[in-house]
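The values are calculated or read from the model by the stated rules, or taken from the named source; none is laboratory data. Just so it is clear, the structure is predicted and the values come from calculations on it, not from any experiment. Note: ideal-geometry Cβ built from the backbone for every residue, glycine included; neighbour counts use all protein chains shown. Ligands, DNA and RNA are stripped out before the accessible areas are found, and what is left, the full protein with its side chains, is counted by its heavy atoms. Shrake-Rupley method; radii C 1.70, N 1.55, O 1.52, S 1.80 Å.
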Amino acid sequence: MANRAGTVAQSSDLVDVSALLDAYFDSTPDLSEPAQRVAFGTSGHRGSSLKSSFNEGHIAAITQAIVEYRAGQGITGPLFMGKDTHALSEPAQNTALEVLAANNVAVRIDARGAYTPTPALSHAILGYNGSRTDQSDGIVITPSHNPPADGGFKYNPPHGGPADSDATNWIAARANELLENGLRDVKRIPTAQAQQADSVSTYDFLQHYVEDLPNVLNLEVIRSAGVRIGADPMGGASVDYWGAIAERHNLDLTVVNPSVDPQWAFMTLDWDEKIRMDCSSPYAMASLIKRAGDFDISTGNDADADRHGIVTPDSGLMNPNHYLAVAIDYLYRNRPQWRSDAMVGKTLVSSSIIDRVAADLGRVLEEVPVGFKWFVPGLLSGEVAFGGEESAGASFLRHDGSPWSTDKDGILLALLASEITAVSGRTPSQHYDGLTQRFGAPVYARIDAAATREQKSALGKLSPSDVTATTLAGEDITARLTEAPGNGAPIGGLKVTTENAWFAARPSGTEDVYKIYAESFLGEDHLRRVQEEAKALVDGVIA
């Protein structure tokens with residue numbers, strides 16, 4: 001049977017929303033099953049009510065744990081809370097509101113009762129905090145680009161970005177303790193009462209975000225150049241934002257698909273024939289790619305708009321790594337108020353063409369482990385002007401060098417593509433071609449390799465001395481890394497580099513595999529050699 005990736009979803013692909021919502025309220029997690037306990041990954045707790053991993057009990061417990069955590073940290077300002085368009089997001093917000101109001105926490109929810117992109121919530125936290133002593137924090141209810149049956153719940157402390165593991169480990173442990181005790185220590189009041197509580201008020205996330213955009217982007221040049229923009233919210237939280245941006249800033253911008261549907265019936269299927277709002281996937285983005293010729297720049301966002309996909313008429317959907325390199329090269333040449341010593345931030349599995357671009361710019365590269373949280377301190381201080389990760393997530397500073405958001409901002413990076421086109425007269429993909437002519441053209445891929453739980457654990461605990469090989473795919477090994485060179489944090493795996501290639505191996509948090517990221521500047525055949533030797537090297541070390 002032919003693979004249906006890239007074709008429009010059929011009725012058999014759609015989730016039963018009624019069953020999903022019923023399970024949210026009716027199912028009780030079995031805490032003897034690890035998959036049904038609260039667990040925070042790099043982007044909060046995720047799961048599905050149909051698998052008893054994202055249910056009313058989970059959200060009540062996590063919210064009570066957040067209440068206790070923020071009290072312990074002395075956080076006394078309002079908690080900003082937003083939701084995306086997944087079916088489980090609204091009931092989860094109501095549950096959280098019941099607990100927050102019962103605990104008399106000051107809460108700010110969306111003034112329009114609508115959806116809130118992750119970057120708009122980060123922007124709100126930073127905007128409130130400034131030099132105040134009563135610091136605010138936030139909750140984003142989203143599983144990002146995950147399928148329609150999933151829910152997600154994420155905590156952002158007063159720095160505005162993703163919480164670090166110290167916070168999430170404490171919150172998860174306390175939430176599981178509350179679940180084990182039958183939620184006896186969770187304070188709650190009914191939803192209707194919570195919505196009317198004195199501690200609950202509204203905040204216009206959309207207006208504050210949209211009005212502030214000229215302080216981070218050159219919208220005037222986009223307008224005067226007449227760049228034709230097609231923006232696809234992909235059924236996500238940015239849906240109202242794109243129309244508001246077009247109207248407020250008088251841009252030639254078409255919202256390609258303004259539909260919101262908790263089943264995402266309009267989506268084209270991803271590589272595995274699942275509905276997934278992944279704006280870096282050519283399959284999920286197939287309908288927008290077909291329209292590439294209608295616009296100068298087309299963009300897509302995932303469900304909480306923290307990721308970006310860039311489509312150009314000359315090359316279709318850009319590889320996320322390629323666009324990061326272009327954005328860095330452009331911004332550091334076109335933001336004169338940024339600190340002259342501001343570093344370039346990248347994750348260690350992002351393309352090495354970024355290293356070459358940073359060196360050409362005369363900028364120090366801060367290479368960190370996977371996870372946007374590692375960029376937060378640098379973005380806050382201005383020491384890092386741009387932080388980007390390989391999975392199409394990035395943010396950067398305002399024109400004046402102060403922080404805009406400390407979480408990924410897919411709307412910002414999507415609009416930057418239009419600024420680049422307006423200022424230079426070239427699309428971002430044409431810019432990338434120019435970079436490859438100067439620095440070489442890398443080929444990059446990620447593959448999975450089978451591994452037991454014990455082998456995955458061994459991979460996460462390697463030291464550089466465990467790797468005795470001296471060459472990789474015909475080149476001398478120049479570095480063996482188990483800590484990120486930018487901040488010395490453990491990478492939870494291994495990275496090996498040569499002059500023209502590298503690979504990184506990391507255990508999967510959810511499957512019995514480890515992931516091999518690899519890149520070569522010497523072509524596809526050399527990349528395959530790197531991948532083969534990387535797998536043999538890692539298997540030999542963790543066996």
query = Could we say that Glu532 is under 18 Å from Val349 (Cα atoms) and either assigned to a strand (DSSP E or B) or open to solvent by 20 Å² or more (accessible area, probe 1.4 Å) (or both) here?
reply = yes
query = Which of the residues spanning the stretch 121-141 are more than 16 Å from the chain's Cα centre (by Cα), outside any strand (DSSP E or B) and not basic (Lys, Arg)?
reply = Ala124, Ile125, Leu126, Gly127, Tyr128, Asn129, Gly130, Ser131, Thr133, Asp134, Gln135, Ser136
key: Residue among Glu511, Glu499, Glu519, Glu524 that alone is under 20 Å from Val467 (Cα atoms), open to solvent by 10 Å² or more (accessible area, probe 1.4 Å) and either acidic (Asp, Glu) or touching a Pro at 6+ places or on another chain (Cβ under 6 Å) (or both)   = Glu499
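Would the stretch 384-398 turn up any residue that is free of Cβ contacts under 8 Å to residues at least 24 places away in the same chain, farther than 21 Å from Gly492 by Cβ and either out of contact with any strand residue (DSSP E or B) (no Cβ under 7 Å at 6 or more places or on another chain) or crowded, with 23+ Cβ neighbours inside 10 Å (or both)? Talk me through it step by step, then tell me what you get.
First, the residues of the stretch 384-398 that are free of Cβ contacts under 8 Å to residues at least 24 places away in the same chain: none.
No: the stretch 384-398 contains no residue that is free of Cβ contacts under 8 Å to residues at least 24 places away in the same chain, farther than 21 Å from Gly492 by Cβ and either out of contact with any strand residue (DSSP E or B) (no Cβ under 7 Å at 6 or more places or on another chain) or crowded, with 23+ Cβ neighbours inside 10 Å (or both).
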request  = Would you check which residues across the stretch 288-322 are in a helix (DSSP H, G or I), within 22 Å of Gly243 (Cα to Cα) and either without any contact (Cβ under 8 Å) to a residue 24 or more places away in the chain or under 22 Å from the mean Cα position of the chain (by Cα) (or both) and list them?
outcome  = Leu288, Ile289, Lys290, Gly293
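Pro490 - would you say it is closer than 18 Å to Ser352 by Cβ and surrounded by fewer than 20 Cβ atoms within 10 Å (Cβ to Cβ)? Even if it seems obvious, please write down each step before you answer.
Working: closer than 18 Å to Ser352 by Cβ: no; surrounded by fewer than 20 Cβ atoms within 10 Å (Cβ to Cβ): yes.
Judged against the criteria, Pro490 is not a match.
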key: Residue tally, condition crowded, with 17+ Cβ neighbours inside 10 Å and under 21 Å from Trp242 (Cα atoms), over the stretch 190-212   = 5
request  = With respect to Ile275, determine if the residue is buried (at least 24 other Cβ atoms within 10 Å of the Cβ) and in contact with a helix residue (DSSP H, G or I) (Cβ under 9 Å, 6 or more places away or on another chain).
outcome  = no
task = May I ask you to list the residues in the stretch 54-84 that are open to solvent by 10 Å² or more (accessible area, probe 1.4 Å) and either in a loop (DSSP other than H, G, I, E, B) or hydrophobic (A, V, I, L, M, F, W, C) (or both)?
result = Val67, Ala71, Gln73, Gly74, Ile75, Thr76
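Given the options Phe439, Phe372, name the one that is aromatic (Phe, Trp, Tyr) and either open to solvent by less than 20 Å² (accessible area, probe 1.4 Å) or within 26 Å of Lys515 (Cα to Cα) (or both). Please lay out each step first, then the result.
On the way: Phe439 fails: either open to solvent by less than 20 Å² (accessible area, probe 1.4 Å) or within 26 Å of Lys515 (Cα to Cα) (or both).
Result of the check over Phe439, Phe372: Phe372.
I'd like the full set of residues that are charged (D, E, K, R) and either touching a residue at least 12 places away in the same chain (Cβ under 8 Å) or within 14 Å of Gly540 (Cβ to Cβ) (or both), limited to the stretch 453-490. Lay out the reasoning, then the answer.
From the stretch 453-490, those charged (D, E, K, R) are 453-454, 456, 461, 466, 475-476, 480, 483; that's our starting set.
Arg453, Lys456, Asp466, Glu475, Asp476, Arg480, listed by residue number.
Condition first: in contact with a helix residue (DSSP H, G or I) (Cβ under 7 Å, 6 or more places away or on another chain) and either closer than 19 Å to Leu317 by Cα or of a type in the set (Asp, Glu) (or both). Now tell me which residues in the stretch 245-268 satisfy that. Working first, answer last.
Quick first cut of the stretch 245-268, residues in contact with a helix residue (DSSP H, G or I) (Cβ under 7 Å, 6 or more places away or on another chain) only: 245, 248-251, 253, 255-256, 258, 260, 262-263, 268.
Listed by number, the residues that qualify are Leu253, Val255, Val256, Thr268.
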Only one of Arg363, Arg339, Arg356 that is open to solvent by 10 Å² or more (accessible area, probe 1.4 Å), part of a helix (DSSP H, G or I) and among the basic types (Lys, Arg) = Arg356
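So for the stretch 221-241 (the condition being at pLDDT 95 or above, over 23 Å from the mean Cα position of the chain (by Cα), within 30 Å of Ala60 (Cβ to Cβ) and not charged (D, E, K, R)), does at least one residue qualify?
Pass one, the stretch 221-241, residues at pLDDT 95 or above: 221-241.
Retained after the next criterion (residues that are over 23 Å from the mean Cα position of the chain (by Cα)): 221-228.
With the extra rule that they be within 30 Å of Ala60 (Cβ to Cβ), the set shrinks to none.
No - not one qualifying residue is present in the stretch 221-241.
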inquiry  = Just to check your reading of the model, which residue among Ser429, Ser465, Ser418 is assigned to a helix (DSSP H, G or I), among the polar types (S, T, N, Q) and at pLDDT below 95?
reply    = Ser465
task = Give just the number: which of (1) closer than 14 Å to Pro233 by Cα; (2) out of contact with any Phe, Trp or Tyr (no Cβ under 9 Å at 6 or more places or on another chain); (3) open to solvent by 40 Å² or more (accessible area, probe 1.4 Å) does Asp261 not satisfy?
result = (3)
query = Filter the stretch 134-189 for residues that are of a type in the set (Asp, Glu) and open to solvent by 10 Å² or more (accessible area, probe 1.4 Å); which is farthest from Leu79 (Cα to Cα)?
reply = Glu180
key: Count of residues meeting criterion [touching a strand residue (DSSP E or B) at 6+ places or on another chain (Cβ under 6 Å) and either surrounded by 21 or more Cβ atoms within 10 Å (Cβ to Cβ) or in a helix (DSSP H, G or I) (or both)] in the stretch 44-53   = 4
inquiry  = So if I check each of Ala163, Ala194, which one is in a helix (DSSP H, G or I), touching a residue at least 40 places away in the same chain (Cβ under 8 Å) and among the aliphatic types (A, V, I, L, M)?
reply    = Ala194
request  = Tell me which residues, restricted to the stretch 222-279, are among the acidic types (Asp, Glu), under 23 Å from Gly293 (Cβ atoms) and not in a loop (DSSP other than H, G, I, E, B).
outcome  = Asp232
